[in-house]
Amino acid sequence: MSILDKITTIWRRAEPAVAPVREAFGRTIDADEQDWRPLTGDSNRDLPVLTQSRMREIAAWLWQTNLLANRLIELPVAYLLAEGVALTVPDPEAQQTLDAFWRDPINKLDIKLPKKVREMALYGEQCWPAFVNPVSGHVRLGYLDPAQIETVVTDPDNAEQPIGIVTVKNKHGQARRYRIIINGPETCFSPRTVAIRASFTDGECFYCNINALSNGRRGRSDLLAQADWLDAYEQFMFGEIDRNNFLRAFLWDVTLKGATPEEVEQRAKQIHAPAPGSVRVHNDAETWETVTPDLKAVDAAEAARLFRNHILGGATIPEHWHGGGGDVNRATANSMGEPTFKMYSMRQREWKHILEEVATFVINRHYDPTGREVLIDILRPDPEFTPEAVFPELTTRDTTQYAAALQQVVAACALAVERGLMPELLAGRIIQTVAARLGVEYDAAEALAEARTEAAKRQEADVFTDLPDALPAGAGE
């Protein structure tokens with residue numbers, strides 16, 4: 001080895017080792033990334049965030065300022081809650097629990113329930129955080145503004161089942177995560193969903209929505225489809241006010257026969273509109289007339305009715321419910337109201353389910369404040385602890401026609417049973433159908449068995465009644 005090679009070798013040993021060069025690479029890890037990747041695919045059935053926010057603002061503004069929009073919201077609220085709502089349960093202790101929950105000074109559901117029903121119609125959704133006393137199990141409901149909901153998280157294995165609520169971040173950059181309450185054990189979900197629900201550690205809440213699709217996470221306002229039409233109708237009505245002001249305006253038209261332009265100009269400088277009750281004197285060469293505009297007000301009335309009925313029809317409300325009687329008589333009014341009551345009845349069933357879900361949670365937490373056990377088993381319900389939300393009837397029933405029909409049906413069924421053309425149970429079910437129209441609910445099979453028992457008792461009583469008071473002399477010998 002030459003001297004140069006030795007020097008080069010020594011220099012290389014002294015040279016510091018050079019680390020291998022690699023291309024920079026990184027990946028962002030989201031702590032709750034699994035929440036946003038449902039197995040069934042991400043849903044695009046919700047409104048965009050800005051549209052959802054705008055929908056709430058417009059709906060609230062229309063309810064406050066637009067007479068027709070206010071009526072579209074307030075009519076269902078009145079029909080559903082005007083006579084009040086009651087939560088009932090057969091067990092006395094559970095009933096006391098529900099009464100205490102209903103009348104709690106914070107809950108005050110007699111006052112707050114109409115607001116919740118109204119806001120559900122306006123915003124399309126409601127979220128109520130639940131606060132449970134760890135000792136007594138007493139439940140109080142809070143309120144989360146829908147505008148504060150950032151995301152409704154759904155079950156990754158079931159897109160139509162919401163499992164949690166994530167709020168928008170506050171000024172400190174913090175968001176709350178509420179676990180949506182279900183009245184059942186966590187084993188209802190898959191292990192992966194249970195793990196996701198465990199990450200919602202800021203409390204529990206009830207979440208419900210309306211006008212939503214199965215694969216949509218957010219609800220929609222009842223006024224969403226009508227919003228533009230309601231605004232256009234209001235602008236039309238304000239335009240008619242200006243039109244009406246013009247209709248009341250008039251001017252004096254003065255005709256000067258045979259006058260030259262100079263004479264007309266000179267007379268125009270001298271003339272003044274006569275004051276009310278004044279006297280006007282002129283010769284036959286001067287004619288005074290009043291001129292009023294003809295703006296075809298009848299056409300405007302028909303246009304207003306067309307716009308109004310378009311909006312009311314979309315909300316399933318008949319015209320005469322908004323002051324437009326038209327050619328409606330009592331018979332047609334009753335038939336026109338039937339679709340509306342069907343819609344209100346469907347909304348009533350939704351609220352019945354919501355309130356019964358809340359009541360079930362209240363009873364469960366009364367007996368187990370920790371929530372580890374489920375007293376009311378949905379799969380094997382105990383009638384004594386199953387709550388029911390009792391709503392008033394949507395409308396007063398006209399029982400005269402049903403009473404007459406019941407009499408005829410009973411006579412016809414009795415004749416068919418007597419001649420062997422119909423079994424008694426079938427006859428009882430037919431009578432049950434008509435009786436349900438009168439608001440009487442019962443089971444035909446149980447009623448038939450009870451009727452046979454009572455008939456047997458009456459027959460036995462009649463046999464002993466017909467026996468003579470004393471036997472004849474010598475009858476016992």
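Remarks
- Any hit, the range 203-221, residues being at pLDDT below 80, surrounded by 10 or more Cβ atoms within 10 Å (Cβ to Cβ) and among the β-branched types (V, I, T): no
- Of the strands (runs of 3 or more DSSP E) entirely within the range 146-186, those holding at least 3 residues that are under 22 Å from R45 (Cβ atoms) occupy 149-155, 158-167.
- Residue match in the range 80-101 (condition: out of contact with any strand residue (DSSP E or B) (no Cβ under 7 Å at 6 or more places or on another chain), crowded, with 18+ Cβ neighbours inside 10 Å and closer than 30 Å to P318 by Cα): yes
- Only a single item in (1) under 16 Å from L406 (Cβ atoms); (2) of a type outside the set (S, T, Y); (3) at pLDDT below 75 is not met by A436, and it is number (3).
- Qualifying residue in the range 351-374 (condition: surrounded by fewer than 16 Cβ atoms within 10 Å (Cβ to Cβ), at pLDDT 90 or above, in the same structural domain as A130 (by TED's automatic domain parsing) and within 17 Å of the chain's Cα centre (by Cα)): yes
- Of the candidates G203, G216, G184, the single residue that is in contact (Cβ under 8 Å) with a residue 12 or more places away in the chain and either aliphatic (A, V, I, L, M) or in contact with a Ser or Thr (Cβ under 8 Å, 6 or more places away or on another chain) (or both) is G216.
- Under the condition of being out of contact with any helix residue (DSSP H, G or I) (no Cβ under 7 Å at 6 or more places or on another chain) and surrounded by 14 or more Cβ atoms within 10 Å (Cβ to Cβ), the residues counted in the range 413-425 number 1.
- R437 being farther than 23 Å from T340 by Cα and surrounded by 14 or more Cβ atoms within 10 Å (Cβ to Cβ): no
- Test: residue in the range 83-105 that is free of Cβ contacts under 8 Å to residues at least 40 places away in the same chain, part of a loop (DSSP other than H, G, I, E, B) and assigned by TED's automatic domain parsing to the domain that holds G137: yes
- Counted residues, the range 375-392 - those being at pLDDT below 80 and either under 27 Å from F341 (Cα atoms) or loosely packed, with under 11 Cβ neighbours inside 10 Å (or both): 2
- Taking every residue in the range 132-146 that is in contact (Cβ under 8 Å) with a residue 40 or more places away in the chain and pairing it with any residue that is surrounded by fewer than 16 Cβ atoms within 10 Å (Cβ to Cβ) and not in a strand (DSSP E or B), at least 6 positions away or on another chain, yields no pair with a Cβ-Cβ distance below 6 Å.
- Members of the range 188-221 that are under 17 Å from P48 (Cα atoms) and charged (D, E, K, R): R217, R218, R220
For every residue, the table says whether it meets (1) modelled with pLDDT of 75 or more; (2) exposed (fewer than 12 other Cβ atoms within 10 Å of the Cβ); (3) touching a strand residue (DSSP E or B) at 6+ places or on another chain (Cβ under 9 Å); (4) not in a helix (DSSP H, G or I).
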{"site": "T255", "(1), (2), (3), (4)": "yes, yes, yes, yes"}
{"site": "E262", "(1), (2), (3), (4)": "yes, yes, no, no"}
{"site": "F307", "(1), (2), (3), (4)": "yes, no, no, no"}
{"site": "I311", "(1), (2), (3), (4)": "yes, no, no, no"}
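- Among the conditions (1) in the same structural domain as V362 (by TED's automatic domain parsing); (2) modelled with pLDDT under 85; (3) surrounded by fewer than 13 Cβ atoms within 10 Å (Cβ to Cβ), A198 misses just one, which is (2).
- In the range 187-221, the qualifying residues are those that are in a loop (DSSP other than H, G, I, E, B) and touching a Phe, Trp or Tyr at 6+ places or on another chain (Cβ under 8 Å), and the one that is nearest to G137 (Cα to Cα) is G203.
The values are calculated or read from the model by the stated rules, or taken from the named source; none is laboratory data. Nothing here was measured: the structure is a model prediction, and the numbers come from that model. Please note: Cβ atoms are built from the backbone with ideal geometry, for glycine as well, and neighbour counts cover all protein chains shown.
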